[in-house]
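Engineer: I have a structure I would like to understand better, so I am pasting it below and will then ask my questions one at a time.
Every read-out reported here was derived from the displayed coordinates using simple, explicitly stated rules and does not represent laboratory data. All values reported here derive from a predicted model rather than from experimental measurement. Glycine also receives a Cβ, built like all others from the backbone with ideal geometry; neighbour counts cover every protein chain displayed.
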Amino acid sequence: MSFIARSIEYMSQTDVIHLFFPWLLVLAFTYGVLEKYDFFEDDTVNAAISLSFAFLSIGGIYFFAPGDIFVNFGAVMAFASFVALGFLIVMAVAGIDIQDMTDSEKNIPLAAGLGILGLGLLVVVGGALGVPEMIASLSFEANFVQDIFMPVLLLGFILGVIVFTSK
């Protein structure tokens, strides 16, 4: 086992991944928003508010949400980033320059990104509510996800890329 795999396993066992990284993300996001919009003039007030908000939000979610919700959310966000990066690569290969797009055309990647984020949040919430177990308990003749859903999703993505790049 490699050093990185052992490090990630150790961080998972000590709840660093489950608690500290989400806490740090909430802290950084809150502090950044408070700094950008200048709600308070003093930096120490922004830091104190960010710190308390991070502890309250992560503590509240940790005690009332399923244990692995942060890890699931991180996995969905990583997958969404890979999809967005792939989308940008497909646009670059097709010769589409984002700088040359009009304002209405620039909203297309934003809408796609928000759609991916919304789908990711739906997957995380559905996983937390036990939807995969409910689907697994249903009896299908074929494996629904691998044999039906994924080919349709892949075909829709390919058709979307073709339509978008052919405009």
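Engineer: What list do you get for Tyr37, Tyr62 if you sort them by fewest beta carbons within 10 Å? Intermediate values should be presented prior to the final figure.
Structural biologist: Working: Tyr37 8, Tyr62 17.
Result, fewest neighbours first: Tyr37, Tyr62.
Engineer: Assuming 0.36 nm per residue, please report the length gained on full extension of the stretch Ala112 to Ser2 beyond their Cα-Cα distance.
Structural biologist: Going from the current span to full extension adds 36.0 nm.
Engineer: Based solely on its DSSP helices, what 222 nm [θ] is calculated for the chain when runs of n ≥ 4 H residues each add -39,500 (n - 2.57) and the sum is averaged over all residues, nearest 500 deg cm²/dmol?
Structural biologist: Mean residue ellipticity at 222 nm (helix-derived): -25500 deg cm²/dmol.
Engineer: Starting with the fewest neighbours, write out Phe73, Phe63, Phe20 ranked by other beta-carbon atoms found within 10 Å of each beta-carbon.
Structural biologist: Working: Phe73 20, Phe63 7, Phe20 13.
In increasing order of surrounding Cβ atoms, one gets Phe63, Phe20, Phe73.
Engineer: Report the relative contact order of the range 1-64, percent, no decimals, based on alpha-carbon pairs under 8 angstrom and at least 6 residues apart.
Structural biologist: Working: 27 pairs, mean separation 22.0, N = 64.
It rounds to 34 percent for the range 1-64.
Engineer: If you plug each phi of the range 148-162 into the Karplus form 6.51 cos²θ - 1.76 cosθ + 1.60 with θ = phi - 60°, what whole-Hz ³J(HN,Hα) values come out, in order, with x for Gly and Pro?
Structural biologist: Rounded to whole hertz, the list is 10, 5, 5, x, 5, 5, 5, 5, x, 5, 5, 5, x, 5, 5.
Engineer: Using C-alpha positions alone, give me the convex hull volume of the chain per residue in cubic angstrom.
Structural biologist: Convex hull of Cα atoms, per residue: 200 Å³.
Engineer: If I model a spin label at Ala48 and Asp103 as a point 7 Å from the Cα along the Cα→Cβ vector, what separation in nanometres do I get?
Structural biologist: 4.2 nm
Engineer: With r defined as the distance between the Cβ atoms of Thr14 and Glu41 and R0 fixed at 35 Å, what FRET efficiency is calculated, to the nearest 0.05?
Structural biologist: Once the sixth-power term is evaluated, E becomes 0.35.
Engineer: Could you tell me the relative contact order of the chain? Use alpha-carbon pairs under 8 Å, at least six residues apart, and round to a whole percent.
Structural biologist: 21 percent
Engineer: Among the GluC sites (Glu not before Pro) in the range 1-110, which ones are in a DSSP loop with at most 16 other Cβ atoms within 10 Å of the Cβ? Mind listing them?
Structural biologist: Glu41
Engineer: Now for a separate question. Short version: ³J(HN,Hα) in whole Hz for each residue of the range 10-19, in order, from phi by Karplus 6.51 cos²θ - 1.76 cosθ + 1.60 (θ = phi - 60°), x for Gly and Pro, what are they?
Structural biologist: 5, 5, 5, 6, 9, 6, 5, 5, 6, 10
Engineer: Also, quick follow-up: Quick one: what are the phi-derived ³J(HN,Hα) couplings along the range 89-94, Karplus 6.51/-1.76/1.60 with θ = phi - 60°, whole Hz, x for glycine and proline?
Structural biologist: Going residue by residue, I get 5, 4, 5, 5, 5, 6 Hz, with x marking Gly and Pro.
Engineer: If the range 60-110 were replaced by its equivalent ellipsoid, with semi-axes equal to the square roots of 5 times the Cα gyration tensor eigenvalues, what would those be, largest first, whole Å?
Structural biologist: Numbers: eigenvalues 241, 36, 5 Å².
Three semi-axes, in Å: 35, 13, 5.
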